[in-house]
1. Given (1) of a type outside the set (Ser, Thr, Tyr); (2) under 30 Å from PHE238 (Cα atoms); (3) part of a helix (DSSP H, G or I), where does VAL65 come up short, assuming only one miss?
2. Give just the number: which of (1) among the β-branched types (Val, Ile, Thr); (2) within 16 Å of ligand 1 (Cβ to nearest atom); (3) farther than 22 Å from GLU175 by Cβ does VAL239 not satisfy?
3. Just to be sure before I move on: is VAL335 modelled with pLDDT of 95 or more, within 30 Å of VAL211 (Cβ to Cβ) and out of contact with any Leu (no Cβ under 8 Å at 6 or more places or on another chain) in the structure I sent?
4. Kindly list the number of the only condition in (1) open to solvent by 20 Å² or more (accessible area, probe 1.4 Å); (2) more than 24 Å from ALA8 (Cα to Cα) that fails for LEU169.
5. Taking the condition of being away from ligand 2 (no atom under 16 Å from the Cβ) and at negative phi, how many residues in segment 38-70 meet it?
6. Can you pull out every residue in segment 59-91 that is more than 27 Å from VAL101 (Cβ to Cβ) and acidic (Asp, Glu)?
7. Scan segment 8-60 for residues that are away from ligand 1 (no atom under 12 Å from the Cβ) and over 25 Å from GLN199 (Cβ atoms) and report the count.
8. So which residues in segment 73-99 are over 20 Å from ALA124 (Cα atoms), among the polar types (S, T, N, Q) and either open to solvent by 50 Å² or more (accessible area, probe 1.4 Å) or part of a helix (DSSP H, G or I) (or both), if there are any at all?
Amino acid sequence: MTDATTPAIRLTGLRKSFGAVDAVAGVDLEIADGEFFSMLGPSGSGKTTVLRMIAGFELPTAGSVFLSGQDVTRLAPFERDVNTVFQDYALFPHMTVQENVEYGLKVRGVARAARRAQAQEALASVRLEGYGRRKPSAMSGGQRQRVALARALVNRPRVLLLDEPLGALDRKLREQMQVELKQIQRDVGITFVFVTHDQDEALTMSDRVAVFESGRIAQVGTPEEVYERPASPFVAGFVGTSNVFTGDTARSLFARDGVFSIRPEKIDISSDGAPGVVAEVVYAGPVTRYVVDLDAGSRAVVVSQNRHNGSPLVARGDRVHLSWHDEHVVEIPPVAKETADA
Ligand code: ADP
Ligand code: MG
């Protein structure tokens, strides 16, 4: 029934309404076996609801969920080869790490020796070998998060669903865990579906990203595709910062009608190009951000790396010119929600 081309997950016409709220308003998606797939979108865009329908915690209002080719839409969570890691992963505080990881196996009647071995393997896969006897309270936030991960990996699900699992960690730890999670996923070879509202997180770890907007997928692609070729002004604005030019400004800068987007790091302050006045200079460590009021109307943000001593190229009030390469101008197709590509 399954072969290398059968997607690990297939969603067709998936919808979920809560009363008058269309939390998920028609999602079609295929996620390949072994993929690290992220669902990225603002709060309330329907990511968690999609995840809960894949897990079986929520029954779709319409549409179907297939796992490895099997229609599981009406199956209970425990009948699906899927595990979930939530943001508020609750470890049992009175149990050791080892007991926490073994718990699910114990409930399912796996014999003690096999339990022990599988739990140790799961702890090794999250680089916590030797920590089995500790209590969760004697571990750091990042370590506890990895215990939660080991607990979800221990019975080798085909698919692991992660709902903002790094949300509770501080920034430094989160960045570290992003790299580790990706490595762990590569090692265990399980399909990961990772929900986040943090674009850096999605871009850093994923093979592909789906950008959610109001219960629909606005764009699906590799991090590079989604970042470099945003399919709509929403995607251009949500994934990273982008300058989006429309109307008179667009006509003046590009000599035709349309919606055009240029990333701030693709723009140079130079001796010729589009004229404007510097409205703001924001020093941010590795980069400086310049906000420029263009004579053509509208504002442009320029980001420049502080490769030398970090002193700004220009000051507030200076007249400047902005230039860019044509290939970095992305023409965004007119908004057509019904044709969100999958
Ligand atoms: P996200 O995870 O992207 O933040 P959610 O899937 O949690 O979004 O929510 C999508 C929309 O559905 C929101 O408007 C939310 O308020 C609503 N919603 C989610 N779960 C429920 C529920 N159990 N009852 C009523 N409304 C819900
Ligand atoms: Mg959510």
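The values are calculated or read from the model by the stated rules, or taken from the named source; none is laboratory data. Quick caveat: nothing in here was measured; it's all calculated off a predicted structure. Here the Cβ positions follow ideal geometry from the backbone for every residue, glycine too, while neighbour counts run over all protein chains shown. Only protein heavy atoms, including side chains, enter the accessible area calculation; ligands, DNA and RNA are left aside. Shrake-Rupley method; radii C 1.70, N 1.55, O 1.52, S 1.80 Å.
1. Looking at each condition in turn, VAL65 falls short on (3).
2. Of the numbered conditions (1) among the β-branched types (Val, Ile, Thr); (2) within 16 Å of ligand 1 (Cβ to nearest atom); (3) farther than 22 Å from GLU175 by Cβ, the odd one out for VAL239 is (3).
3. Considered against the rule, which asks whether it is modelled with pLDDT of 95 or more, within 30 Å of VAL211 (Cβ to Cβ) and out of contact with any Leu (no Cβ under 8 Å at 6 or more places or on another chain), VAL335 comes out as no.
4. (1) is the only condition that LEU169 fails.
5. 9
6. The answer is ASP71, and nothing else.
7. Number of matching residues: 6.
8. Once the filter is applied, which keeps residues that are over 20 Å from ALA124 (Cα atoms), among the polar types (S, T, N, Q) and either open to solvent by 50 Å² or more (accessible area, probe 1.4 Å) or part of a helix (DSSP H, G or I) (or both), segment 73-99 yields only GLN87.
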